[in-house]
Amino acid sequence: MERVVVEPFGEGWAVRSLAADNPMILKRGADAERVGRDLAQRLAAAGTPVQLNLRLRDGATAAKFVCLPPAGADPEPLMIRLRPPTLTAADGVPA
């Protein structure tokens with residue numbers, strides 16, 4: 001599975017992928033997120049499943065997505081947001 005990561009880079013934002021030799025550097029986070037999503041969808045459209053990770057300035061993960069190649073007659077890749085697991089009282093977390 002390919003991985004695309006959007007993360008802070010100095011005063012700007014980087015979009016990194018093993019599919020590209022160098023990161024793409026953008027000034028605005030919103031632009032970097034759009035480029036990361038577009039790259040993930042293009043890679044998936046070409047048949048490669050992709051995990052897209054979006055990170056915040058403090059390094060925390062803002063969101064994770066999996067982008068799957070088109071299936072059957074559907075010409076578009078499928079992008080699914082992965083939600084973090086919910087902790088419950090059984091996990092030792094107060095309810």
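The values are calculated or read from the model by the stated rules, or taken from the named source; none is laboratory data. Keep in mind that this is a model prediction, so the values were computed, not measured. Backbone-built Cβ (ideal geometry, glycine too); neighbour counts: all protein chains shown. For the accessible areas, the whole protein counts, side chains as well, though only heavy atoms, and no ligand, DNA or RNA atoms are used. Shrake-Rupley method; radii C 1.70, N 1.55, O 1.52, S 1.80 Å.
Can you confirm whether region 32-53 contains a residue that is over 22 Å from Pro84 (Cβ atoms), in a strand (DSSP E or B), open to solvent by 60 Å² or more (accessible area, probe 1.4 Å) and not β-branched (Val, Ile, Thr)? Within region 32-53, not a single residue is over 22 Å from Pro84 (Cβ atoms), in a strand (DSSP E or B), open to solvent by 60 Å² or more (accessible area, probe 1.4 Å) and not β-branched (Val, Ile, Thr). Taken over region 1-43, the residue count meeting the criterion of being farther than 13 Å from Arg55 by Cα and of a type outside the set (D, E, K, R) is 16. Restricting attention to region 6-21 and to residues that are over 16 Å from Ala40 (Cα atoms) and not acidic (Asp, Glu), the residue that is farthest from the chain's Cα centre (by Cα) turns out to be Gly10.
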